[in-house]
Amino acid sequence: MKKKYSIASIVKNSLSNNENWGKMWRSPNPKKHYDVIIVGGGGHGLGTAYYLAKHHGIKNIAVIEKGWLGSGNTGRNTTIIRSNYLWDESAYLYDHAVKLWENLSEDLNYNMMFSQRGVLNLAHNEHDIKEIKRRVSANRLNGLDTMWLDKNEIKDLVPIMNTDNLRYPVLGAAYQPRGGVARHDAVAWGYAMRADELGVDIIQNCEVKGIKTDNYKVEGVETTKGFIKSSKIGVVASGHTSVLAATAGVRLPLQSRPLQALVSEPIKPVINTVVMSNAVHAYVSQSDKGELVIGAGTDGYNSFTQRGGYDVIEETVRAIVELYPIFGKMKMLRQWGGIVDICPDASPIISKCDVEGLYFNCGWGTGGFKATPGSANVFAHTIAKDEPHKINAPFDLSRFSEGRLIDEHGAAAVAH
Amino acid sequence: MSAINNNCKYISKKQVKITFDGNTYQAYEGDTIASALLRNNIRLVGRSFKYHRPRGIYTCGIEEPNALVQIISEHNEPNTRATIKRVYDGMEITSQNRWPSLRYDFGAINNILSPIFSAGFYYKTFMGPKGFWKNLYEPLIRRSAGLGKPPKNFRSKSTHQYHNTDVVIIGAGLSGLAAAKKFINTKYKVLLIEQDSYLGGVLKNSNKVKTINGLTPQEWISETEESILNSKNITILKNTLVTTYNFTNHLIALEDKFAGKKIDLNKSELTLHKIRTSNTIIANGHIERFISFRNNDLPGVMLASSFEKYIHRYGVVPEKEPVIFTNNSSSLSLLKTLINLGCKPKAYVDSRKKDNIETEIKKILKDKEIPFFSDAEIEGCDGNKKVETITIRQGKSFDKIKSSMLCVSGGYNPDIHLFTQSKGLVKWDKNILSFKPDTPFQKTITLGSTSGNYSFKKLCDEINEKLSIFKTKKVSLDINLNVPNKFSIKELWETKIKNKSNWAKSFIDLHNDVTTKDLKQAITEGFDRIEHLKRYTTNSMGTDQGKISSINSLAIVSKILKKEISEVGTTTYRPPYAPLSFAAIAGRSTYEFYDPERKTSIHSWHLKNNAVFEDVGQWKRPWYFKASENETMHQAVQRESKTLRENAGILDGSTLGKIEIKGRDALEFMNLMYTNAFSKMKPMTSRYAMMLGEDGMIKDDGIICKISDQHFIATTTSSGAPKVLADMEEYLQTEWPHLQVYLNSITEQFSTFNISGPKTREIMMRVFPDIDFSNDAFPFMTFKNFDYKETKIRIMRASFTGELGYEIYISPKFGLELWEEIFSCGKEFNLIPYGTETMHLLRAEKGYIVIGQETDGTVTPIDLNYNWMIGKNKKDFIGKRSLSRPDTSRADRKQLVGLSPINKKDIIEEGQHIVELNELPKKITDPIKYLGHVSSGYHSPNLNHSIGLAMIRGGKNLLGQKFFVTATGKTKNIPVEIVNPVFIDPENKRLTS
Amino acid sequence: MILIKCPYCGERDQSEFANGGEAHVIRPKNPESLSDKDWGEYVFYRNNPKGIFYERWVHTHGCKKWFNAVRNTSTDQILKVYKVNEKRPDLSEFQNTLKSPSGEPSVGSGNFAVKK
């Protein structure tokens, strides 16, 4: 590691007026040819490049980003991390990520501020209780730390929650202590810095206009900075994945939808865990800065505008005020939207396709951030070996023709 | 020292008392907290976010980055802008982010350590040793975060109001009023929205305009307001701020109903206006920006136009002898205002060259002998928690001047926030050195300074031209000015610090404590994109969204990067314009109005009979009935279940969805929608049926009554009803429009009772003495219509408990009457009411499935051994093709089985899993393979042991085998036997008795 | 919030409607004759273009009628609304301003505010 960050480096730099910190990454011009091109410079894409270089010895890699690093969903999500998914396939995938999260700051020597403050999923009716209890039991057998909490235990964790005096009272919750939040931008920056150190070319402000193929084999990408040759292309472009796939003649079962989030003004700590609810639809956590970070639902139509309907914001705030009456006295500081690519079964696609050398990592819908290191890690494996890692093997494209779906809607309306 | 401007008309003479940090102060009705504090010479009002530096009042409006306070008397409302919030008698206010006191704040140590708290500091440290982050660093960071303290004891009560209108004018300043004038007595429906409680904007906030059409500004405003009020087509909303500009000219505006008054807890304090308009005119003016210099955050530094606004709008001269620092021509207005009041600035510092400075300014300064520094700048200011000395750089010389206030003007930015929210494009204007609106995306017009037009003289032409799309008369504005009409500005964003120091700070974002040094550092680290920079340094991410500083940061960055500002671009302005109350967004749709409660016609009876309810969708359904105060749910359900199997029980099934399917092609339609075949089904019979998705998975079930080939009634699950009807409609309208079928939801048209148990027939005969309930006359799965009193009823022989049972459908109007009749007849047969829990238990004993419990969106009818429900000879139905895909035809899919404990005392818990191990390790590291899960688990009072239904991999072939079921909190598993899922009456003797 | 002109009721807020995804996807006449792949495509795959999109809406909280719309998904502008039984309008009726897959239209979308 060339750039080592520590309290010592901070003190040293502070003495020189903080003018001598070096660049975290280069801004190279694209080469004519790369062994692997990753399209999309978000957390998943940069992470993939990092693991390709670190674990698979591939050094001639480019990450091509249309805007700036982390400008898509990496920098727009509500940063929730958890792995308490119902199905084994999902639990393995997401917990692979949580385990990597636990050491990521040390691994990259960049503090992602991964805060394992626990995640609560509330139950508001008998059906929720049944679903959660089943999930807790399945998680236990898969070695996850999910547990059932009753109302009083929830009250202890979140004293400001209105558990009784609301339309759908809080009856209990699933609680995963290892879950939490992380600083989303830092994930992109940390991976970018260390990938760059390993020789990966990070090319920002370069738009991929199309993927060139010949006889079901990739040849390279046409970009705003010219044609770049490569025999392996990994597409990690979230909302825009299907439009890019279309340029290679590949069709994916994805729909791009607006997903909105909002933050409040900063206040002193008042809620120390992440709380999610489906029936009273909102999820909230408090950032280290003191802002309440609140996630809304997806809009019901396709859109690439990075903006959703106001009614969704209203729905969400209504739920927040219902569950936490005192937040009514607070104010929304900012609202924004991202474009999420949603799969029919609410599970991602990390897969090869009919075109040789073309790989997709997409369909994360509303819940991709939490998987970032795990997703990047298995996607790097898939690209390097031209075959999936056993963790992502079930998340292939053929599951849609075979009917082998990993349906994470199940009981939950949204699989955050 | 502050002084009073007695000419101010907007402040009443009525005195009110407020407290700030425990001290009581006199203020006037109409004051904001800020004007009241300035009146009392209070300059220090808060501590900054990161370094806990002392901060004062910087502006006089919504753009305020510093003066955020907590309103104790309003449920502790945090982060309230002192520059906006009006005072009332008894208002209790405290400062924020300080401990133990505002004057002596322990957190100020951060200022001493500030060189190491540089941009990105958090990311570079706190990483080890292991566990320190989680247990030490992060809790510390979190504790020091945030500004105000959380609110207390609050319940929202705001309302919403909807508007559909032709034109919305945002801002009732000079441009807005002149535009509104054009619409007086026209056919256009107009909404004029003003954030302040008075109209007039710049006319009442400054001294810039001398006369309009021969009238004083005050007279012109009054005249205009009166004529607008007399015009029926225009509505004025005051104290209302437009915060959000959505697609299709949809605006959100927030009205403060209690501005300057104590909130009446019984009334709605805020009204959120949702406005749909055909045209939007944005005329909300401009925002002055600051200049970065050393210690530009000290209390006493204030924007020049804000200083002037305090004088005109609130009648407070914050300081009689301030220093004025400007880079443009507009500060003449402040200069004149002060002179008129007999005040004399300590110095006038203008960064422009002497030749470029207006003659009038030079003349006044000379006449009044005010020290004048041209081609000069403020290097910085110093003082203990307030401005004391100000250092002026002119060429290579430095002058120090003593003054307690410094008025700064770095130029004006058109207020483009709403315009960019509307997705319009802005363009850099070199003349005003700012972004101004260029290409609108919606029907948006910008007027006056919002549009970048800083010339009062050109305003009239601009309005007439831009509003020529409306059929209105021309307006005429003859404006006489106190300031030069031509706006002149010299580029100046940051002044150079004289003595380089690790501690010297020029702020670029006062709210988030971002310095110009942070910007430079971020760029050297590679964050050379404005959005990156914003996120890395948190620049312009505060509650003010960098209103007075974001353009400055763009300019500074563009200089470092040696790029044009237009190339650097702006960050996107995200709605809302200013922080927007959550209570107002939520409106009245919370608490009792969060979601409607649906109740059946029997609800009052259930209440009287001690029902405990559960929420099923929006329905309130009896869950179980308490026979006595101390009866537990378990006891109640065991009692209900046993009594029913021995005698009889009745369930209020009115919540079940009911859909009527009618028309020429009803039969064909039903055959397509459901798995079952309905062709050979006889009229007046019924059938249990299943509906799949195209993916082959079970979506819903219910009983289908066939009246004829042209008429069916389908029942659905209680919560699935809307979806089933919607899906049917969708297929009918979009896939098979050639089918002549009409659908009708009749859920609410009937009260439905499910009565079952061995004594049911006797009870029914009592209630309906004229009806023959014998097996021959009324066999299982048939139904009939009867007259009953003045109404008609339908009775179907069906059962979900496995006992002899009937379903009665009656108009809700007569529902309760019949229900009570049944009870009076059923008394001697021990008829009991039962709830959903008992229903679930009884059907589990019988091996009947429940949608959403045995099924979870991944279960096919074949998985449930319900192959008999699939119309084999049907060519097609929804989901049929999917049943033959490789994965859905796998032999080892999860299939429905029953579970019986080997040790009859063991309890099979719902949701637990079936494993091969009799014991689990204490800590599970490698996943344990499991076969499936317990989808239903109950203690059966009729078998006297626990039973379970389970979905198990390859379950059909595992009957008789022994496995284990996990148990909550235990490592020891429960041995069970896989059995047929039908525990009671597998021969259906009871059902058909 | 989008304003949608229901062909039966007139202009209403989008919150009154539900979206039904891509329009003109016809359910196969004889599903049994389709391969697993083709059937999977019918059930799970829908076009997801950035730009001109033919889609279905239903006026859920109104007349409950289904209808079709042509919308530019990069700006959310609704370009045309037509009844289910009406002919699919030709693509040439609408100007697709998108130059590249991830490109933005000149105004009305994305994450930029400055005129280039």
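The values are calculated or read from the model by the stated rules, or taken from the named source; none is laboratory data. This structure is a prediction, so every number in the text was calculated from the model and none was measured. Glycine also receives a Cβ, built like all others from the backbone with ideal geometry; neighbour counts cover every protein chain displayed. Only protein heavy atoms, including side chains, enter the accessible area calculation; ligands, DNA and RNA are left aside. Shrake-Rupley method; radii C 1.70, N 1.55, O 1.52, S 1.80 Å.
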Entirely in the range B:780-822, the strands (runs of 3 or more DSSP E) that have 1 or more residues that are more than 47 Å from the chain's Cα centre (by Cα) and closer than 16 Å to B:Glu748 by Cα: B:791-797
Any hit, the range C:19-30, residues being open to solvent by less than 10 Å² (accessible area, probe 1.4 Å) and in contact with an Asp or Glu (Cβ under 6 Å, 6 or more places away or on another chain): yes
Matching residues in the range B:778-800 - criterion: being in contact with a strand residue (DSSP E or B) (Cβ under 6 Å, 6 or more places away or on another chain) and among the aromatic types (Phe, Trp, Tyr): B:Phe778, B:Phe780, B:Phe783, B:Phe786
Filter result for B:Val242 (closer than 30 Å to B:Lys423 by Cβ and modelled with pLDDT of 95 or more): yes
Of all residues making up the range B:872-900, the number that are within 14 Å of chain C (Cβ to nearest Cβ) and open to solvent by less than 10 Å² (accessible area, probe 1.4 Å): 6
Strands (runs of 3 or more DSSP E) fully within the range B:326-428 counting 3 or more residues that are of a type in the set (A, V, I, L, M, F, W, C): B:376-382, B:406-409
Extreme residue, nearest to A:Asp145 (Cα to Cα), among residues of the range B:903-936 that are touching a residue at least 40 places away in the same chain (Cβ under 8 Å) and part of a strand (DSSP E or B): B:His913
Test: residue in the range B:31-40 that is part of a loop (DSSP other than H, G, I, E, B), buried (at least 24 other Cβ atoms within 10 Å of the Cβ) and in contact (Cβ under 8 Å) with a residue 12 or more places away in the chain: yes
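May I ask you to list the residues in the range B:491-507 that are open to solvent by less than 50 Å² (accessible area, probe 1.4 Å) and under 19 Å from B:Leu113 (Cα atoms)? It would help to see each step written out before you state the result.
We begin by selecting, within the range B:491-507, every residue open to solvent by less than 50 Å² (accessible area, probe 1.4 Å); these are B:492-493, B:495, B:497, B:501-502, B:504-507.
Listed by number, the residues that qualify are B:Ser501, B:Asn502, B:Ala504, B:Lys505, B:Ser506, B:Phe507.
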Unique residue being part of a loop (DSSP other than H, G, I, E, B) and on the phi < 0 side of the Ramachandran plot when the list is A:Gly70, A:Gly41, A:Gly47: A:Gly41
Residue list for the range B:904-959, restricted to those being within 11 Å of chain A (Cβ to nearest Cβ) and hydroxyl-bearing (Ser, Thr, Tyr): B:Thr925, B:Tyr930, B:Ser935, B:Ser936
Residues located in the range B:533-554, provided they are farther than 14 Å from B:Thr570 by Cβ and either touching a Phe, Trp or Tyr at 6+ places or on another chain (Cβ under 7 Å) or of a type in the set (Lys, Arg) (or both): B:Arg535, B:Tyr536, B:Ile548
Residue check, A:His127 open to solvent by 20 Å² or more (accessible area, probe 1.4 Å), over 26 Å from B:Ser718 (Cβ atoms) and part of a helix (DSSP H, G or I): no
Matching residues in the range B:179-218 - criterion: being out of contact with any strand residue (DSSP E or B) (no Cβ under 9 Å at 6 or more places or on another chain) and either in the same structural domain as B:Glu29 (by TED's automatic domain parsing) or crowded, with 24+ Cβ neighbours inside 10 Å (or both): B:Gly200, B:Gly201, B:Asn205
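From the list B:Thr280, B:Thr244, exactly one residue is closer than 30 Å to B:Asn552 by Cα, in contact with a Pro (Cβ under 6 Å, 6 or more places away or on another chain) and among the hydroxyl-bearing types (Ser, Thr, Tyr). Which is it?
Of B:Thr280, B:Thr244, the one residue that is closer than 30 Å to B:Asn552 by Cα, in contact with a Pro (Cβ under 6 Å, 6 or more places away or on another chain) and among the hydroxyl-bearing types (Ser, Thr, Tyr) is B:Thr244.
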Index of the failed condition, B:Phe373 passing every other in (1) aromatic (Phe, Trp, Tyr); (2) closer than 29 Å to B:Phe435 by Cβ; (3) open to solvent by 10 Å² or more (accessible area, probe 1.4 Å): (2)
Any hit, the range B:148-155, residues being in a strand (DSSP E or B), in contact with a strand residue (DSSP E or B) (Cβ under 6 Å, 6 or more places away or on another chain) and closer than 30 Å to B:Ile416 by Cα: yes
Those strands (runs of 3 or more DSSP E) lying entirely in chain C with at least 1 residues facing another protein chain (nearest Cβ under 7 Å): C:3-6, C:18-22, C:52-58, C:66-72
Meets criteria (farther than 18 Å from B:Ala726 by Cα and at pLDDT 95 or above) for C:Val58: no
Total residues in the range A:229-268, condition among the hydroxyl-bearing types (Ser, Thr, Tyr) and part of a strand (DSSP E or B): 2
Residues of the range A:282-307 classified as within 11 Å of chain B (Cβ to nearest Cβ), under 29 Å from C:Thr73 (Cα atoms) and open to solvent by 10 Å² or more (accessible area, probe 1.4 Å), total: 2
Set A:Glu314, A:Glu322: member being closer than 30 Å to B:Lys149 by Cα, in a helix (DSSP H, G or I), open to solvent by 20 Å² or more (accessible area, probe 1.4 Å) and of a type in the set (Asp, Glu): A:Glu314
Selection count, the range B:969-993, where residues are out of contact with any Ser or Thr (no Cβ under 7 Å at 6 or more places or on another chain) and either in a strand (DSSP E or B) or open to solvent by 40 Å² or more (accessible area, probe 1.4 Å) (or both): 16
Residues satisfying the stated conditions in the range B:102-154, i.e. in contact (Cβ under 8 Å) with a residue 60 or more places away in the chain, facing chain A (nearest Cβ under 9 Å) and either closer than 15 Å to A:Arg117 by Cβ or not hydrophobic (A, V, I, L, M, F, W, C) (or both): B:Ser114, B:Pro115, B:Ser118, B:Gly120, B:Gly148, B:Lys149, B:Pro150, B:Pro151, B:Lys152, B:Asn153
For A:Asp145: the one exception among (1) without any contact (Cβ under 8 Å) to a residue 60 or more places away in the chain; (2) touching a Lys or Arg at 6+ places or on another chain (Cβ under 7 Å); (3) farther than 23 Å from B:Trp133 by Cβ: (3)
Counted residues, the range B:722-753 - those being buried (at least 22 other Cβ atoms within 10 Å of the Cβ) and either modelled with pLDDT under 95 or hydroxyl-bearing (Ser, Thr, Tyr) (or both): 2
Checking A:Asn111 against (1) within 11 Å of chain B (Cβ to nearest Cβ); (2) assigned to a helix (DSSP H, G or I), the condition it does not meet: (2)
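Quickly run through the range A:202-228 and pick out the residues that are part of a loop (DSSP other than H, G, I, E, B), over 20 Å from B:Asp528 (Cβ atoms) and not polar (S, T, N, Q).
A:Asp214, A:Tyr216
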